Amino acid sequence: MKIAVLGAGAIGAFVGAALHRGGADVHLIARGPHLQAIRERGVSVISPRGDFVAHPHATDNPTEIGPVDFVFLGLKAHSYASSGPLIEPLLGAQTAVVAGQNGIPWWYFHRLAGPYEGRRIEAVDPGGATSKVLAPERAVGCVVYPATVIEAPGVIRHLEGTRFSIGEPGGGISARCTALSEAMIAGGLKCPVEPNLRDDIWIKLMGNVAFNPISALTRATMVEICQHPPTRRLVAQLMEETLDIASRVGSTPDISIEKRLRGAEGVGNHKTSMLQDLEAGKQLELDAIVTAVVEMADITGAEAPRLRAVHAATDLLARRTGTG
């Protein structure tokens with residue numbers, strides 16, 4: 001199995017190293033000092049589950065790789081529409097694209113039976129620009145649960161979690177998902193194939209849509225947000241509104257709000273990805289994590305007043321700080 005990881009950052013390099021360890025033919029696409037370190041010393045993974053080093057091929061030129069069976073996207077979702085020159089050399093007739101992103105994916109309404117089937121979500125597919133580069137037919141959905149950081153160029157610290165849930169937009173268990181799952185498991189990861197992945201998307205989004213913007217606005221960690229009663233209540237209310245929107249598009253995530261809160265609190269003094277991006281002056285993942293959910297509220301007629309208020313404040317923050 002030939003796999004390219006486009007955007008071999010913290011998650012991408014972690015996945016690529018694990019797949020290589022499991023025997024897959026892995027090619028990492030990275031840049032700068034991180035790429036140089038991987039070329040010289042491989043990817044070093046520091047993990048509570050055991051440290052290891054992998055030596056997959058690494059490049060900044062995808063034409064060196066050619067068509068692959070799977071492209072794992074480690075890019076932020078707002079980079080997808082402009083990724084054409086990087087991804088096109090990797091695409092063959094049957095290449096699948098696995099987007100390890102946070103938030104609502106561009107393919108969300110692709111093959112979703114019901115009144116919204118085929119509808120485009122402007123926040124994540126503006127004018128169809130993302131679908132033009134990444135045809136929804138190629139998409140394999142992926143919900144990423146592990147937490148990782150780049151500790152130094154070529155060095156990935158794995159903090160927790162090994163689960164990558166995958167699934168077809170149209171549901172069911174496909175041969176390509178089964179093959180990818182087996183390769184991920186061979187590398188030491190958990191990779192269940194979910195017949196209804198959208199429920200998993202909403203379970204993770206319940207946390208992201210609440211904790212990410214609040215952390216960016218307050219500079220607080222997840223445990224600080226949970227242990228401050230007013231913000232804990234606000235998180236619960238945002239989760240309630242998110243579950244209402246999910247139900248309106250046919251998803252029924254099987255998790256309680258209190259369980260989701262306890263899980264987040266258990267992570268401890270961890271900065272959300274949005275707060276990390278804000279502090280680094282990088283573009284915030286606001287469109288996929290919050291704006292798309294507000295757009296879905298508009299589509300379905302959900303009120304979502306707190307979600308709209310938090311979105312408005314975070315959007316202004318992004319504009320003022322140049323991270324929008």
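The values are calculated or read from the model by the stated rules, or taken from the named source; none is laboratory data. Quick caveat: nothing in here was measured; it's all calculated off a predicted structure. Surface areas here come from the heavy atoms of the whole protein model, side chains and all, with no ligands, DNA or RNA. Shrake-Rupley method; radii C 1.70, N 1.55, O 1.52, S 1.80 Å.
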Karplus-derived HN-Hα couplings along region 184-196 (A = 6.51, B = -1.76, C = 1.60, θ = phi - 60°), whole Hz, x at Gly and Pro: 5, 5, 4, x, x, 9, 8, 8, x, 8, 9, x, 9
Please state the relative contact order of the chain as a whole percent: Cα pairs under 8 Å, 6+ residues apart? 16 percent
Region 139-289 - percent of accessible surface contributed by carbon and sulfur, probe 1.4 Å: 51 percent
When each pair of different Cα atoms in region 188-324 is counted once in the 1/r mean, what is the Kirkwood radius in angstroms, to one decimal? 15.3 Å
State, in angstrom, two size descriptors of region 164-215 derived from its alpha carbons: Rg to one decimal place and Dmax to the nearest whole number. 13.3, 40
Amide H partners (placed H, <5 Å) of Gly170, local residues excluded: none
Between region 152-194 and region 301-316, how many Å separate their Cα centres? 32 Å
Determine the shape class of region 21-72: with a ≥ b ≥ c the square roots of the Cα gyration tensor eigenvalues, call it rounded for a/c under 1.5, and otherwise prolate if a/b is greater than b/c, oblate otherwise. oblate
Compute from the Cα atoms of region 172-263 the Rg and the Dmax, the latter being the longest Cα-Cα distance, and quote both in angstrom. 16.1, 47
Can you pull the Rg over Rh of the chain, Cα-only, Kirkwood? 0.94
Using all Cα-Cα distances in region 1-136, what percent lands in each 5 angstrom bin from 0 up to the longest? 2, 10, 20, 21, 18, 13, 9, 5, 2, 1, 0
5 angstrom amide H check on Arg163, placed H, neighbours 5+ away: Tyr145, Lys190
Residues of the chain: accessible area per residue at 1.4 Å, in Å²? 41 Å²
Region 228-261 to region 45-102: how many Å between their Cα centroids? 32 Å
Diffing region 36-48: the Karplus 3J(HN,Hα) column from phi (6.51, -1.76, 1.60, θ = phi - 60°), in whole Hz with x for Gly and Pro, holds 4, 5, 5, 4, 7, 10, x, 9, 9, 10, 9, 9, x
Carbon-plus-sulfur fraction of the accessible area of region 1-101, 1.4 Å probe, in percent? 50 percent
